[in-house]
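Here is the structure we will look at, set down as structure tokens.
The values are calculated or read from the model by the stated rules, or taken from the named source; none is laboratory data. These numbers come from a predicted model, not from an experiment. Cβ placement follows ideal geometry from the backbone for every residue including glycine, while neighbour counts extend to all protein chains displayed. Note: areas computed on protein heavy atoms with side chains; ligands, DNA, RNA excluded. Shrake-Rupley method; radii C 1.70, N 1.55, O 1.52, S 1.80 Å.
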Number of protein chains: 2
Amino acid sequence: MLRLGWIQTLPVHGDPAANVAAVEPALLSGEADLWVLPELFSTGYLFDDRADLARVAEPVPDGPTARALVSLAVRGRCAVVAGVAERGDDGRLFNSAIALDGGGVRAVYRKVHLFDLERRLFDPGDLPFPVLGLAGARVGLMICYDWRFPEAARTLALAGAQVIAHPSDIVQPHCQAAMVTRALENRVFTVTANRVGTEERGDHRVEFTGGSRVVGPDGRVLSDGPVDRPASGVAEIDPAEADDKRATATNDLFADRRPEMYRIDQGAASARARGT
Amino acid sequence: MLRLGWIQTLPVHGDPAANVAAVEPALLSGEADLWVLPELFSTGYLFDDRADLARVAEPVPDGPTARALVSLAVRGRCAVVAGVAERGDDGRLFNSAIALDGGGVRAVYRKVHLFDLERRLFDPGDLPFPVLGLAGARVGLMICYDWRFPEAARTLALAGAQVIAHPSDIVQPHCQAAMVTRALENRVFTVTANRVGTEERGDHRVEFTGGSRVVGPDGRVLSDGPVDRPASGVAEIDPAEADDKRATATNDLFADRRPEMYRIDQGAASARARGT
């Protein structure tokens, strides 16, 4: 069994040390084997421009946030998936999720589908959607707006993910409900850690919607967060349930797929040309 | 503008003429430009075996049900998408959806993902997911359990569908809610026509869940049926709204897709091998 937890935070903008300190009690609580934190949990979300963001972005795995989380994972005997602003080579900046345990950073995912203002700040992800062994489960990583693209969760599930860890800073409706569909269509567990609060920069104001949740392969919501305040939650799951892809006694969701009938690899241009 | 309607029926098992007569008032009402009927609306759902089913399956487009619907489409000046049991060549049997208007049958879709007992009765669909011009919109066809596979709706949307017509006989929960996700992730209209009532055959008993609905590209439910009785409903839509794939001012859901990052074309065997 795996105790799968989310921490729903209200980050202090631009203060990674404070934001790490805020999750320390939960990480040391012993209540979960795997904790998922929100997207950009260490930095906050809105920045004036890339230079503004670059001041708080950190390298992975050697930046202070990643190292502090590994240290907490050692002390708390837990694994962590956390959203961070990653400073890559050559001045590149990524909206990343790092997966780590007491042995160090195990995987990095760089957000593939950037949302709205993120496009001005971050470089698009250049690494495959990762699935790794973590806390005794096969865990796949995606970030927030990736939910809107069914290919993201599908890619992770087909690569063997039993649990999809989903750090998020959700500002549009529908994501939390859609994660039930993502869990059901892939028969996987999903854990969405979303933040709360609002941020303002210049003309932009965003309000984050909380509602962090764990969903099971049968679509049941196993743990559900409040919409308006920091919180944490844990669901005890058996990751092996996600290996059973049966939708009925005779239907296996993966064996029943018929890729030869799908036409989803063409680019948008050809799709548009066909459609209009 | 397109008046998009669903008819939620309680079919008489094995009596296509009675079931066509039951939808005649709606089809002649002038209330909708495009009507969608449930899966297997003309025959009912449970059959002892293929021979039992073959007695009521009909050829398309020359069977009595298809011809009667075309005649009603002429008189009602409407288009229709209807689920029928199709008798194909060489004794093949398909769980099909036909799209037609006063000019005749325009497209046939044969269910690609067969559900549970259907696997004993029907041959799997052997034709591409179709998108056709119908009632002034680009309409794509899928049937019931296809909802569980995101590739079905995605294939239709990428091929240009503005409206996904979805004849259904839903017996599991979650489909109606998941159609919101299908609409949102593709920014298309969806219209699910589901039946009500129960059927029993031998050891099998199935209960159908109604709740037919139209969902808009923004995830709003534009028309919603009762769960327990025959009904019909119409939503007035502008199909062109589905050509706007913007999720935000700067995000286009199709242009933002990154097929090079997706790994969804491998078969189940390779996925399983990788996952275990």
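Out of segment A:64-101, which residues are assigned to a loop (DSSP other than H, G, I, E, B) and crowded, with 19+ Cβ neighbours inside 10 Å? The one that is assigned to a loop (DSSP other than H, G, I, E, B) and crowded, with 19+ Cβ neighbours inside 10 Å: A:Cys78.
This table checks each residue for (1) at the interface with chain B (Cβ under 8 Å from one of its Cβ atoms); (2) under 13 Å from A:Asn186 (Cβ atoms).
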| position | (1), (2) |
| --- | --- |
| A:Tyr109 | no, no |
| A:Asp116 | yes, no |
| A:Phe129 | yes, yes |
| A:Ala137 | no, no |
| A:Gly140 | no, yes |
| A:Pro150 | yes, yes |
| A:Ala165 | no, no |
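Figure legend. Inter-residue proximity from segment A:199-220: first residues closer than 18 Å to A:Thr9 by Cα and free of Cβ contacts under 8 Å to residues at least 60 places away in the same chain, second residues basic (Lys, Arg) and part of a loop (DSSP other than H, G, I, E, B), beta-carbon distance below 9 Å, spacing 6+ or different chains. Indicated pairs: A:Thr209/A:Arg195.
Looking at the structure I just gave you, is A:Ser223 under 23 Å from A:Gly30 (Cβ atoms) and in contact (Cβ under 8 Å) with a residue 12 or more places away in the chain? It is true that A:Ser223 is under 23 Å from A:Gly30 (Cβ atoms) and in contact (Cβ under 8 Å) with a residue 12 or more places away in the chain.
Look at (1) open to solvent by 10 Å² or more (accessible area, probe 1.4 Å); (2) without any contact (Cβ under 8 Å) to a residue 60 or more places away in the chain and you find that A:Asp48 fails only one, number (2).
The listed residues are B:Glu199, B:Glu207, B:Glu185, and the only one of them that is open to solvent by less than 30 Å² (accessible area, probe 1.4 Å), of a type in the set (D, E, K, R) and assigned to a strand (DSSP E or B) turns out to be B:Glu199.
Restricting attention to segment A:1-36, the residues that are part of a loop (DSSP other than H, G, I, E, B) and over 18 Å from A:Gly76 (Cα atoms) total 7.
Per the conditions (1) over 21 Å from B:Ala32 (Cα atoms); (2) away from every other protein chain (no Cβ under 14 Å); (3) open to solvent by 70 Å² or more (accessible area, probe 1.4 Å), the sole criterion not satisfied by B:Arg246 is (2).
Of the numbered criteria (1) more than 9 Å from chain B (Cβ to nearest Cβ); (2) in a loop (DSSP other than H, G, I, E, B); (3) within 25 Å of A:Leu222 (Cα to Cα), the one A:Ala161 fails is (1). Can you name the residue in segment A:221-270 that is touching an Asp or Glu at 6+ places or on another chain (Cβ under 6 Å) and in a strand (DSSP E or B) and is also farthest from A:Val196 (Cα to Cα) among such residues? Selected residue: A:Arg246.
Those residues that are within 17 Å of B:Val60 (Cβ to Cβ), among the aliphatic types (A, V, I, L, M) and in contact with an Asp or Glu (Cβ under 9 Å, 6 or more places away or on another chain), I need them from segment B:22-50; list them, please. The answer is B:Leu40, and nothing else.
Scanning segment A:103-131 for residues that are assigned to a strand (DSSP E or B) and closer than 22 Å to A:Asp89 by Cβ yields A:Gly104, A:Val105, A:Arg106, A:Ala107, A:Val108, A:Tyr109, A:Arg110. Residues of segment B:169-220 that are in contact with a strand residue (DSSP E or B) (Cβ under 9 Å, 6 or more places away or on another chain), away from chain A (no Cβ under 14 Å) and among the small types (Gly, Ala, Ser): B:Ala193, B:Gly197, B:Gly210, B:Gly211, B:Ser212. Being over 24 Å from B:Arg154 (Cα atoms) and open to solvent by 60 Å² or more (accessible area, probe 1.4 Å) holds for only one residue in A:Asp218, A:Asp224, and it is A:Asp224. Residues in segment A:116-128 that are free of Cβ contacts under 8 Å to residues at least 60 places away in the same chain and open to solvent by 20 Å² or more (accessible area, probe 1.4 Å): A:Asp116, A:Arg119, A:Asp123, A:Pro124, A:Asp126, A:Leu127, A:Pro128.
Residues of segment A:162-209 being of a type in the set (Lys, Arg) and over 13 Å from A:Pro38 (Cβ atoms), which ones? Across segment A:162-209, the qualifying residues are A:Arg182, A:Arg187, A:Arg201, A:Arg205. Consider segment B:1-27 and keep the residues that are of a type in the set (Val, Ile, Thr) and touching a strand residue (DSSP E or B) at 6+ places or on another chain (Cβ under 6 Å). The one that is surrounded by the most Cβ atoms within 10 Å (Cβ to Cβ) is B:Ile7. Here B:Gly30 fulfils each of the conditions (1) over 16 Å from B:Phe94 (Cβ atoms); (2) buried (at least 24 other Cβ atoms within 10 Å of the Cβ); (3) over 18 Å from the mean Cα position of the chain (by Cα); (4) not polar (S, T, N, Q) apart from (2). Residue pairs whose Cβ atoms lie under 6 Å apart, separated by 6 or more positions or on different chains, with the first residue in segment B:163-176 and without any contact (Cβ under 8 Å) to a residue 12 or more places away in the chain and the second surrounded by 24 or more Cβ atoms within 10 Å (Cβ to Cβ), are B:His174/A:Leu184.
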